[in-house]
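Asks: The structure's right below; bear with me while I get my questions together.
The values are calculated or read from the model by the stated rules, or taken from the named source; none is laboratory data. A quick note: this is a predicted structure, and the numbers were derived from the prediction, not measured. Virtual Cβ from ideal backbone geometry, glycine too; neighbours counted across all protein chains shown. When the accessible area is computed, the model is the full protein with side chains, heavy atoms only, and any ligands, DNA or RNA have been set aside. Shrake-Rupley method; radii C 1.70, N 1.55, O 1.52, S 1.80 Å.
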Amino acid sequence: MTLNHDQLERYVAVSRARFEDLLGQMVEIPSVSMDPARSNDIRRMATMAKQVLTDLGGEAQIVETDGYPIVAGGWTTGPDQPTVTVYNHLDVQPAQEPEWKQEPFAFKNENGIYGGRGATDDKGPALSALFAARFAVEQDLPINVRFLWELEEEIGSPHFTDGLKNREAIPRPNSVIVSDTIWIAKGRPAMPYGLRGLIGARLTLRTGSKDAHSGVTGGAARNPLAELMDVANACVNAKTGEVKIPGFYQDVVQPTKAEIKSFLKSGFQVKRFKEAYGFHSLRTDDPAEVTRRIWAAPTFEIHGLTGGYHGPGVKTVVPSHGELKVSMRLVPNQTPEKAFALLNKYVAKLNPDIKVEREGMLHPFKGSFDGPYVECVRRAAKAGFGKEPAFIREGGSIGAVVTMQKAWKVPILFLGLSLPEHGYHAPNEYFDWGQASGGMKAFAHYFAELAKMKDFG
Ligand SMILES: [Zn+2]
C-alpha cells in the first residue's frame, strides 16, 4: 500500500481553510490547566475536541478522571490491523507575559503564521496529525488510528495514569506516536527517542529556634547555611558538574558513538544555544560534549538556598535554619527512587541533622534509536519535509510518555512539528502552515508505513 502523492498534495491544499478555521477555534479557548479559574474552558475544550473528531468522521468520547478529562477517539476500521495511538495535549501554558504583541487567546492568521497561545504547543500539531489520519482513512489504509488528547499535560499529567486504566475507552495500541516536541533548527527535522527523568529534593537544617547575633554567639553557634553549602559541595563539583554522590553513576548507560554522531547532525549549534539562553560561558564549548551533557548525562542542580538575611547591606545574624533546593536529572537506566535513596544515605552520613524531603519524580525514558519503527519515522519525516530527521534525546521530561510505556509496553515514537522560534511556553507563540502541511504529509506517510508493517506485535 503506497500513498498516492498527488492525492495527498491535493488533500493537504484543500484542507488548509478548514484546518485554519479549527485551529483558530481551538486557540480561542483558553484551556490553561494551571489556572483553576479556567476549568470551564478546559471543559469547553474537551467538548470541542470531541466534536472535531466526530466532524472529521471518527468516533470520540470524553473520558472522565478525578481531574480534567482525556479525549479519546479515532478510527478502528479492522480489528486485525495495526493500531497506532497519537498522543497530544490540548491544555496550554498561561499567557500573562507582558511581551505579547497580540491578545494571546485571539487567533491571528497572517499568511499562514498562526499566532496565539497553544498554536504550536500543542493544538496545531494535534490537528495536523488528525487531518493526516482522516486522509489515511479515506485511502482505506489498513490501520487503526486512535487519538489521545490530554488536558493536564502542562501540570504534570496528575490523572493520566488513572485515565489509562479505562481500557475500554482507551485500548492498548500496538505503538504510540507523540507529537509534542521541538526541532533544534528550522529545515532540519529532529526527533527525540529519549527523555531525562527528574527527582527534586529539599534539604532543611534547623540549628536553633531564632536567628542570633554573630558578634555575641558567632564562633560557638552552628551555621545552617554553611553546613548546607558544605553538603552541596560534597554532592557536586561546581566546576565540572560531576556528581559526587557515591553510586550515582552506577546505572547510567552511556550514549553510543552513533548516538553522539546523530546529536551532531540535528542542527545543534553551541553559539545559538548560548544566545537562546543568554549564557556568557559554558562548562564546555565542544558540541559533542554539550549535547551529551544536556541530553544523555545526569545532573545535580542547585536551585536555591534560603535562610538568613537577604535585605540590603549585611546584617550580622547567625541564621537558625536554612533550606537547600536541589534536583537531579536522570538518564536511562537510573531511577528516581534509587537516586533519592543514594542522596538520602549520603546526606545522612555527611550531616545527620539535615532533613531530606522528596519533591516531584519522573522516570527517564529511552525508546529505540533504530529498528522498524524508527525507519517508519525516518521515511515519514523525509516524505513530509524533504529531509531525513536526526534522532536526538531531550533533556526534559514528558510524564505521560513514561506512563504510556509502563501501561502498554509498546514502542513509543516521536514526530514533533514545532520549531524553536515558535515560542513554546513563551510570549508570542505561533505555529505555521509550513510545519502544519509538512506535518500532515509526514503523518499520512507514517500511517502508510505502519500499515505496511508485517510484525506489529
Ligand atoms: Zn506540549
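Asks: Residues that are under 23 Å from the mean Cα position of the chain (by Cα) and within 20 Å of residue 224 (Cα to Cα), at least 1 per element: which strands (runs of 3 or more DSSP E) completely within region 320-407 meet that?
Replies: Result: 321-330, 355-362.
Asks: Let me ask you something else. Is at least one residue of region 430-448 open to solvent by less than 10 Å² (accessible area, probe 1.4 Å), modelled with pLDDT of 95 or more and farther than 21 Å from residue 131 by Cα?
Replies: no
Asks: Now, a different point. Taking the condition of being under 22 Å from residue 260 (Cβ atoms) and aliphatic (A, V, I, L, M), how many residues in region 373-405 meet it?
Replies: Number satisfying all stated conditions: 5.
Asks: For region 1-23, what are the residues that are within 19 Å of residue 136 (Cβ to Cβ) and surrounded by fewer than 19 Cβ atoms within 10 Å (Cβ to Cβ)?
Replies: Hits for region 1-23 are 1, 2, 4, 5, 6, 7, 9, 10, 13, 14, 16, 18.
Asks: Consider residue 26 carefully, then state whether it is open to solvent by less than 80 Å² (accessible area, probe 1.4 Å) and either touching a residue at least 12 places away in the same chain (Cβ under 8 Å) or outside any helix (DSSP H, G or I) (or both).
Replies: yes
Asks: Something else: Has region 407-422 got any residue that is surrounded by fewer than 18 Cβ atoms within 10 Å (Cβ to Cβ), more than 28 Å from residue 109 (Cβ to Cβ), among the charged types (D, E, K, R) and at pLDDT 95 or above?
Replies: yes
Asks: Let me ask something else about it. Please go through region 135-163 and give me each residue that is in a loop (DSSP other than H, G, I, E, B), closer than 26 Å to residue 43 by Cβ and touching a helix residue (DSSP H, G or I) at 6+ places or on another chain (Cβ under 6 Å), ordered by number.
Replies: Within region 135-163, 151, 156, 157 meet the criteria.
Asks: Could you tell me whether residue 384 is more than 16 Å from the ligand (Cβ to nearest atom), open to solvent by 40 Å² or more (accessible area, probe 1.4 Å) and more than 24 Å from residue 172 (Cα to Cα)?
Replies: no
Asks: In addition: Yes or no: region 271-283 includes at least one residue that is modelled with pLDDT under 95, among the small types (Gly, Ala, Ser) and under 28 Å from residue 323 (Cβ atoms).
Replies: Yes, some residue in region 271-283 is modelled with pLDDT under 95, among the small types (Gly, Ala, Ser) and under 28 Å from residue 323 (Cβ atoms).
Asks: Let me ask you something else. Mind listing whichever residues of region 75-109 are outside any strand (DSSP E or B), touching a strand residue (DSSP E or B) at 6+ places or on another chain (Cβ under 8 Å), away from the ligand (no atom under 16 Å from the Cβ) and of a type in the set (A, V, I, L, M, F, W, C)?
Replies: 107 - this is the single residue of region 75-109 that is outside any strand (DSSP E or B), touching a strand residue (DSSP E or B) at 6+ places or on another chain (Cβ under 8 Å), away from the ligand (no atom under 16 Å from the Cβ) and of a type in the set (A, V, I, L, M, F, W, C).
Asks: Given the residues 116, 112, which is the only one that is open to solvent by less than 10 Å² (accessible area, probe 1.4 Å), touching a helix residue (DSSP H, G or I) at 6+ places or on another chain (Cβ under 9 Å), away from the ligand (no atom under 16 Å from the Cβ) and among the small types (Gly, Ala, Ser)?
Replies: 112
Asks: Scan region 177-221 for residues that are open to solvent by 50 Å² or more (accessible area, probe 1.4 Å) and closer than 30 Å to residue 157 by Cβ and report the count.
Replies: 3
Asks: A further question follows. Kindly check whether there is at least one residue in region 199-212 that is more than 16 Å from the ligand (Cβ to nearest atom), among the hydroxyl-bearing types (Ser, Thr, Tyr) and part of a loop (DSSP other than H, G, I, E, B).
Replies: yes
Asks: Given (1) of a type in the set (D, E, K, R); (2) touching a residue at least 60 places away in the same chain (Cβ under 8 Å); (3) away from the ligand (no atom under 16 Å from the Cβ); (4) farther than 23 Å from residue 331 by Cβ, identify the lone condition not met by residue 454.
Replies: Among (1) of a type in the set (D, E, K, R); (2) touching a residue at least 60 places away in the same chain (Cβ under 8 Å); (3) away from the ligand (no atom under 16 Å from the Cβ); (4) farther than 23 Å from residue 331 by Cβ, the lone unmet condition for residue 454 is (2).
Asks: Sticking with this one: Of everything in region 328-385, what is at pLDDT below 95 and of a type in the set (D, E, K, R)? Give them in sequence order.
Replies: The answer is 359, 366, 370.
Asks: Mind telling me which of the residues 162, 140 ends up being open to solvent by 10 Å² or more (accessible area, probe 1.4 Å) and on the phi > 0 side of the Ramachandran plot?
Replies: 140
Asks: Take region 249-267 and flag every residue that is touching a Lys or Arg at 6+ places or on another chain (Cβ under 9 Å) and either hydroxyl-bearing (Ser, Thr, Tyr) or assigned to a loop (DSSP other than H, G, I, E, B) (or both).
Replies: 250, 251, 253, 254, 255, 265, 266, 267
Asks: Can you find a residue that is surrounded by 15 or more Cβ atoms within 10 Å (Cβ to Cβ), more than 16 Å from the ligand (Cβ to nearest atom) and of a type in the set (D, E, K, R) anywhere in region 348-357?
Replies: no
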